[in-house]
1. With +1 on each Lys and Arg Cβ and -1 on each Asp and Glu Cβ, how big is the dipole of the stretch A:351-435 about its Cα centre, in debye rounded to the nearest 20?
2. Could you provide, to the nearest whole Å², the per residue accessible area of the stretch A:3-49 with probe 1.4 Å?
3. List the trypsin sites (Lys or Arg not before Pro) within the stretch B:183-244 that fall in a DSSP loop (any state other than H, G, I, E or B) and whose Cβ has at most 15 other Cβ atoms within 10 Å.
4. Based on alpha-carbon positions alone, could you give the equivalent ellipsoid semi-axes of the protein assembly as shown from the gyration tensor, as √(5λ), descending, whole Å?
5. Starting from the Cα of A:A342, move 7 Å in the Cα-to-Cβ direction to define the label point; list residues of the stretch A:382-411 whose amide nitrogen is under 14 Å from there.
6. Using R₀ = 41 Å, calculate the FRET efficiency as 1/(1 + (r/R₀)^6) where r is the Cβ-Cβ separation of A:D133 and B:T17; round to 0.05.
7. What FRET efficiency comes out for the pair A:D288/A:E406, r = Cβ-Cβ distance, R0 = 51 Å, nearest 0.05?
8. Can you list the copy-to-copy distances for B:I77, using a point 7 angstrom from Cα toward Cβ, in nanometres, shortest first?
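The values are calculated or read from the model by the stated rules, or taken from the named source; none is laboratory data. Predicted, not measured: the structure shown is a model, and the values here were computed from it. Using ideal geometry, Cβ is built from the backbone for each residue, glycine included, and neighbour counts are taken over all protein chains shown. To get the accessible areas, we keep the full protein, side chains included, count just its heavy atoms, and leave off ligands, DNA and RNA. Shrake-Rupley method; radii C 1.70, N 1.55, O 1.52, S 1.80 Å.
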2 protein chains.
Amino acid sequence: MRPIDIIEKKRDGNELTAEEIEFFIQGYTQGDIPDYQAAAWLMAVYLRGMSEREIRDLTLAIARSGTMLDLSDVAPIVVDKHSSGGVGDKVTLVAAPVVAACGVPVGKMTGRGLGFTGGTVDKLESIPGFRTDLSPQEFKSQLARIGIVITGQSASLAPADRKLYALRDVTGTVSSLPLIASSILGKKLAGGANAILLDVKVGSGTFMKTVDDATCLAETMVRLGRELGRRVSALISDMNQPLGWAVGNALEVQEAINVLHEDGPSDLREHCLVVAAEMLVLAGRVADSAEGVEMAAQTIADGSAWHKFRALVAAQGGDVRFVDEPDRLPRAPIVEVLPAPADGYLQKIDAAQVGMAVVDLGGGREKKEDPIDHSVGVIVHYKVGDWVQSGTPLYTLHANDRTRLEQARARLVAACTIGPEPVSPPPLFYKKIGA
Amino acid sequence: MRPIDIIEKKRDGNELTAEEIEFFIQGYTQGDIPDYQAAAWLMAVYLRGMSEREIRDLTLAIARSGTMLDLSDVAPIVVDKHSSGGVGDKVTLVAAPVVAACGVPVGKMTGRGLGFTGGTVDKLESIPGFRTDLSPQEFKSQLARIGIVITGQSASLAPADRKLYALRDVTGTVSSLPLIASSILGKKLAGGANAILLDVKVGSGTFMKTVDDATCLAETMVRLGRELGRRVSALISDMNQPLGWAVGNALEVQEAINVLHEDGPSDLREHCLVVAAEMLVLAGRVADSAEGVEMAAQTIADGSAWHKFRALVAAQGGDVRFVDEPDRLPRAPIVEVLPAPADGYLQKIDAAQVGMAVVDLGGGREKKEDPIDHSVGVIVHYKVGDWVQSGTPLYTLHANDRTRLEQARARLVAACTIGPEPVSPPPLFYKKIGA
């Protein structure tokens, strides 16, 4: 087999065999196939697409490119969730301890943020001492011990995905259904969870611009995941405006802690409860979503979810004083309020632009190697559909640098539209797939 | 400007501006844009195509990536030819001295062979001492002195094309009209000739599988060349069977010398006369093709074309004893005749397979860096449409190695079809464009 023949076959719109896909992915992972051949192949896949059979084989090839974790000796069912990424998405920080508090083990490997999309690993690293580099062995033993782990992707798991993703990022081949689906599921297969909830976002802050596109991606992943022997369902949720109020690493941890204390924004609380409920359904812990929401809410009300979160922080080396008293979390020295320029209804607040403003402030990264400032961020004081009164706080900016603050401020002003016509708030969720 | 934006713009089927194309090509040539980004872009161009305006700007960007030769102080009109490559194509070795003998300067930079396609530079290097690495200064002074030069592409001319071609070769992006047209014309623009005859081949031994595809490529290049201030016309010629009898470097030089001595295969002689005639028409030396053919034939009959060829060899350091007595040219030690297995008409003889057989024998290269054996090759004794008598020589193989010979033999047996139904010989030329 020669890489060039596989590139040309896909270029010409033909279906690749399982052997060809396996050969290409393992060859690329091992460095036998150079970046430039993989780049040409990725563009051919982007423009020619893949059949569902090809996506399944690509998913398997990615999963098999490294160690595959076997969690069956830890628990019969381990649940995981995946969010397709967004702005202000701190749902894992709430939903994972909630589900674990219901007695369902949650074992999650997660990513860092790139561009305006935040990453759970970055958020958790706002907590001094918190380790996100657990070994597969540490992952398993903590999961067995306290029923919850959230760590970075181990270097030995799905290395093909790491290499492919880095290449896709610089070759214009990110937003391709076959490549997204296989990347997500390939990692999840390798991570060992047998029940997976997918939270697929739609809107300006995501790859998927329409509910139809997101549905298509979600349906493909649900079908594929099931064919591959996993329990999978998906939620299609809105990401046209940020989720909750806080965007920025430490600010988001604080907001998640607030939700665990029955405080914080109601949209975020509701989102977390629904996600947790679906995870409980998948795990067979509850009969339906309504029962799941009720059980989830109970773990917040009785403090058990909070205690699970605290146990997670302690187990992974985090200093619990910082979550017990979140005011201790990293704080930016400049805090500035941006008042609303006019009366009216908040008609739009562009999630991507708010995310970019946090990147401007230093809270996100342009490139994979960039350092990140955990203390900076933006608080959004209104949600779409709210009546805004001129002069009241529209945003609060947390910055470390005046120049960066000015850049972020300009972007935030442009990101929202206030007008006289009332608008309905967008739904939190558009649909549920496969539940 | 960012390379990723240019990749995505083309990926999405949009037209690139002249500035974007210039930025990408110069950035790639200078090493600021890495191979993997260029590979993704090439695949996007392959699958999305380019407008004629984009092809023109790409051609200019390639031409401007290095030195541009100005030949206006040598002669008002310098003519060049380009063949899209084939098997047994030694036309330049005859047509260039014929045209030069008619008083029209011929200045040609040409390539090496790759795969089963032979290269004029490789053929000329069968002649001991022949230099194909003339500097631009040597090129100009020889052109002024004797009116004929055939050398390898100078490293300072169109370096973008060299880099792009090497990348296209390994990324499945060779057979793309915009990339082929801009590669050919970009080099020709840089080479300084103001009249260019394109010999576009159709058939198994070429990129272009149909007359329609070849016509489309030729028409595009003729239009573009004229817009860019050059006199350009094109011939569409057959390459389903090898041209002439000889395939292999020294064997082809010998056959070209035979044609210059009014000997050799009639298809090759006719092809050379027509190509030379069109070059003379382009240069304004004759009024029409018929007059051109007559003048060309006269230079062969009176020996002036042969003397021009001999002068070329001498000027470029070649040992003229080897062309005066071509039996001295490199000879392979094993010469074996493959007899016809049956009576019948020769219905097909696959040019690509004959070319590959010569690669098997060591007379072509798989990769750019491979060495080449000038002595080996194949003589084809019949042309399509001929009556073949069982037991008479079908091929003669010239080999240096028994194993390689067996490999080539098997391929050659499979390459031809002999059957009872008579077939008409294919035409030498399908059409002429822009003359």
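1. Magnitude of the dipole: close to 260 debye.
2. 37 Å²
3. Answer by residue number: B:K209.
4. Output for the protein assembly as shown: semi-axes of 68, 30, 21 Å.
5. In the stretch A:382-411, the label zone of A:A342 (backbone N under 14 Å from the point 7 Å along Cα→Cβ) covers A:388-391.
6. E between A:D133 and B:T17, to the nearest 0.05, is 0.35.
7. 0.50
8. Shortest to longest, the spacings are 8.5 nm.
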